[in-house]
Amino acid sequence: MLKAICSRKELTDSVFYCCIDDIIDTPELEKLKSITHHISTTRFQHCLNVSYYCYKVCNALHLDARSAARAGLLHDLFYYDRKAYNSHKTKGQPSHSRKHSDIALHNAELLTDISPKERDIIQKHMFPLTLSLPKYTETYIITFVDKYCAILEFCVPKVQKIINIRRTSDEN
């Protein structure tokens, strides 16, 4: 089953899935399933979460939900350990937060055709750290959805653990 965090919906049976079905099962995205991201999830799951919620917000606002979904899935398409990168960077070298969007864009362009809007969304999803102003409303949306998903990915497993502990103690 393919689900986004805090969603009960099976994503393979949705209109959303039609936006990403040509890229989601690629080896490049498959690699992201083995990389930890935001402490308690994988980079693949994070990208899926961002993709799905960007799609939902953009669809509700009658924006380009397809481009938002595709760019959301590809926005963190990089394979290095971000903590290791930041701890070994030299003076003057950009931080991971500034650099990874360019790497993700490069990797996305190797994987599939990227529209100008998808390019802007991927490249500037870390605004204001990327300095360049986003050109599209969808780009601003991903900046917020990305942070929202990171918070969920960090907090939800902790809350679920507390709930499970309480259930177990109540049963005893």
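Filter segment 138-154 down to residues that are within 14 Å of ASP76 (Cα to Cα) and in contact with a Pro (Cβ under 9 Å, 6 or more places away or on another chain) and give me whichever is surrounded by the fewest Cβ atoms within 10 Å (Cβ to Cβ).
Only one residue tops the list, namely THR143.
Determine if segment 31-41 includes at least one residue that is within 14 Å of ILE5 (Cβ to Cβ), surrounded by fewer than 21 Cβ atoms within 10 Å (Cβ to Cβ) and at pLDDT 95 or above.
No; the residues of segment 31-41 include none that is within 14 Å of ILE5 (Cβ to Cβ), surrounded by fewer than 21 Cβ atoms within 10 Å (Cβ to Cβ) and at pLDDT 95 or above.
Within segment 143-154, is even one residue at pLDDT 95 or above, of a type outside the set (D, E, K, R), outside any helix (DSSP H, G or I) and in contact with a Phe, Trp or Tyr (Cβ under 8 Å, 6 or more places away or on another chain)?
no
With SER97, SER87 as the choices, which residue is at pLDDT below 95, in contact with a Leu (Cβ under 9 Å, 6 or more places away or on another chain) and part of a helix (DSSP H, G or I)?
On the way: SER87 fails: in contact with a Leu (Cβ under 9 Å, 6 or more places away or on another chain).
The unique qualifying residue is SER97.
Looking only at segment 11-42, filter to residues that are in a loop (DSSP other than H, G, I, E, B) and in contact (Cβ under 8 Å) with a residue 24 or more places away in the chain; which one of those is farthest from TYR79 (Cα to Cα)?
ASP22
Based on this model, can you work out whether THR41 counts as farther than 16 Å from VAL145 by Cβ and among the polar types (S, T, N, Q)?
Considered against the rule, which asks whether it is farther than 16 Å from VAL145 by Cβ and among the polar types (S, T, N, Q), THR41 comes out as no.
Can you tell me which residues in segment 1-10 are surrounded by 11 or more Cβ atoms within 10 Å (Cβ to Cβ) and either of a type in the set (A, V, I, L, M, F, W, C) or not in a loop (DSSP other than H, G, I, E, B) (or both)? Please lay out each step first, then the result.
Keep residues of segment 1-10 that are surrounded by 11 or more Cβ atoms within 10 Å (Cβ to Cβ), which gives 2-7, 9-10.
Within segment 1-10, LEU2, ALA4, ILE5, CYS6 qualify.
Looking at ASN49, ASN107, which is the one that is touching an Asp or Glu at 6+ places or on another chain (Cβ under 8 Å), over 23 Å from LEU152 (Cβ atoms), in a helix (DSSP H, G or I) and at pLDDT 95 or above? If you could, list the steps in order and put the result at the bottom.
Values: ASN49 fails: over 23 Å from LEU152 (Cβ atoms).
Residue meeting the stated conditions: ASN107.
Given the options ARG43, ARG82, name the one that is within 18 Å of LEU152 (Cβ to Cβ) and under 16 Å from the mean Cα position of the chain (by Cα). Before the answer, list the steps.
Details: ARG82 fails: within 18 Å of LEU152 (Cβ to Cβ).
Of the residues listed, the single one that is within 18 Å of LEU152 (Cβ to Cβ) and under 16 Å from the mean Cα position of the chain (by Cα) is ARG43.
Can you pull out every residue in segment 121-135 that is in contact (Cβ under 8 Å) with a residue 40 or more places away in the chain and either within 15 Å of LEU61 (Cβ to Cβ) or more than 14 Å from the chain's Cα centre (by Cα) (or both)? Give the derivation first.
Restricting attention to segment 121-135, the residues satisfying the condition of being in contact (Cβ under 8 Å) with a residue 40 or more places away in the chain are 121-122, 125.
Listed by number, the list holds a single entry, ILE121.
How many residues does segment 47-75 contain that are under 19 Å from LEU111 (Cβ atoms) and surrounded by fewer than 24 Cβ atoms within 10 Å (Cβ to Cβ)?
Matching residues across segment 47-75 total 1.
The values are calculated or read from the model by the stated rules, or taken from the named source; none is laboratory data. Computed from a predicted model, the values in this text were never measured in an experiment. Heads up, the Cβs are rebuilt from the backbone with ideal geometry, glycines too, and the neighbour counts pull from every protein chain shown.
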